[in-house]
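Structure first, then comments.
Coordinate-derived values only; no laboratory data. Computed from a predicted model, the values in this text were never measured in an experiment. All Cβ positions, even for glycine, are placed from backbone atoms using ideal geometry, and neighbour counts span all protein chains on display.
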Amino acid sequence: MTDFPVALSSAILNLSPYIPGKPIEEVERELGIRDASKLASNENPLGPSAKVVETLSGHLRRLHRYPDGSAFRLRSAVSNRLGVEGSRIVFGNGSNEIIVLLSELVLHPGDEVVFADPSFIVYPLVTQCAHAVPRRIPLREDVHDLEAFLQAVNKKTRLIFLCNPNNPTGTFLPLDRIRDFMQKLPINILVVLDEAYAEYVDDPDYAGSLELQAKHPNLAVLRTFSKVYGLAGLRIGYGVVHPTLAEAFQKVRQPFNVNSLALAAAEAALEDQEHVCKVLGLNRKMRSLLVEQLGRLGLKTAPSQANFVYCHVPDARRRYEKLLLGGVIVRPMGDKALRVTTGTEEETHRFLDRFRMIYGE
Ligand SMILES: Cc1ncc(COP(=O)(O)O)c(C=O)c1O
C-alpha cells in the first residue's frame, strides 16, 4: 500500500500507546491451554452480581433505542448513595473517558501536568495528547510524595492527578494528607483524585474526599463500576465535580457516551451491596495471602489497600514470561516489580504455586 500522505499530530506520534494486560484468549491460543488465570488487569474475579445479569437480559430487547443521555435513574441512585447533588455527577465510558475529557477541558499546549511515577498509565497519555508537559514525581517508598508534588507546582501547572489508592502500588494517601495538600495548592489548578479502587480500602483514615469539595471547588473525584462492581467490560465510571465543570463536561461528551446496558447494570450493581461485600471479603483474604506468601519468599510488597499487590521482584520480566508459560498472566512493572491482581482462591493459589517454582530456579 502507498504511504499515508497526511501528517499526523506530532503529540500523537510521540506517544507510547497504552498496553493492556495480555488477553486471556491470546495466551490460551498461544499455549494451547484452556484455563489461563488472568491476574493482570485488576478485574473482579467474581464478575458482576447475578442481579445485574438478570437486569441486563431484560434490556437486550430494547437495544434499538438510544440510551438515556442524561442518565436520569443512575444519577439519582448515585446521588442518593453518596449524598451529593445530581448536578455535580458526570458519567463516562469508563472513568478513563472522564480523565480524557477533564484533561481536554482544562489543558492548553505548554501547560504542565503533575502525577506520580509509577501511576496509572493514562495520565501521561492524556497529557501528551493535549500538547501539555508531564511532570513525573517518583513515588517515595511506593507512596505519593506530596512534598515533591508541591515543589513541582509552578505558574504553568494546570492539572494534578492523584491516584488513590495508587495503581500499580495499591498504597493510599490518608484524607488528612490530601486536605493539607489542597490547602497549600493554588486554587486555579484542577486536582483529579482518581479513586478507582476506593471501595477496597479498609483503612478508616482513607474515607471522606467528597467532603473536601465544599472548601476546594478545584477537586474532582473519580470512581468506576469496573472494579468492585465487576462491570469492566461494559465501560462506565463517574466523577463528582463542581457544577460548572459538570456543565462544561456535558458540552464536550458525546450525547450517548454511556450505553444503555451499562446504565442499567450500574444501577442494579449499586443496589446489590451484598455482592459487593462478598467481593470485598474475598479480596481481603487473597490480598493478605499474597502479601504473606510473597513475604515468606523474602520479597517486599507495597502495603496495598486495593485489589492487587505490588511486589518488588528482581528480574521481573523474565519471571513474568515464565509465569505466562504456566498459564498465569500478571503484569510486569519494568524489570523490578510484578503487579498481581487478587483472583479467586484457586487462581491466587495457582499463581503462588507457579511463582514459588520459578522463583527458586
Ligand atoms: C487508577 C485507575 N483509574 C482509572 C481506571 C480506568 O477504569 P475504567 O475506565 O474502567 O473506569 C483504571 C483502570 O484500571 C485505574 O487503574
Using only the alpha carbon atoms of the chain, find the Kirkwood hydrodynamic radius as the inverse mean reciprocal pair distance, in angstroms to one decimal.
-> 21.5 Å
Express in whole angstrom the spacing between the alpha-carbon centres of the range 228-260 and the range 105-173.
-> 22 Å
Burial ordering of D272, D117, fewest other beta-carbon atoms within 10 Å first | D117, D272
Taking every Cα atom in the range 161-222, find the radius of gyration and the maximum pairwise distance Dmax, and write them in Å.
-> 11.0, 32
For the chain, the charge dipole (Cβ of Lys, Arg +1; Cβ of Asp, Glu -1; about the Cα centre) points to a positive end, and the Cα of L162, L146, V106 closest to that extreme belongs to V106
Residue-wise, which Karplus ³J(HN,Hα) couplings in Hz belong to the range 309-318, taking 6.51 cos²θ - 1.76 cosθ + 1.60, θ = phi - 60°, and x for glycine or proline?
-> 10, 9, 10, 6, 9, x, 6, 4, 5, 5
Neighbour cut-off at most 15 other Cβ (10 Å), DSSP loop, chymotrypsin sites (Phe, Trp or Tyr not before Pro), the range 206-305 | F256
The local net charge around S79, scoring Lys/Arg +1 and Asp/Glu -1 for residues other than S79 whose Cβ lies under 14 Å from its Cβ, equals +3
Alpha carbon centroid spacing (whole Å) that separates the range 26-103 from the range 283-361 | 27 Å
Mean Cβ neighbour count within 10 Å, used as a protection proxy, ranking 38-47, 260-269 highest first | 260-269, 38-47
Take peptides 213-222, 136-145 and line them up by average Cβ neighbours within 10 Å, highest first, as a rough protection proxy.
-> 213-222, 136-145
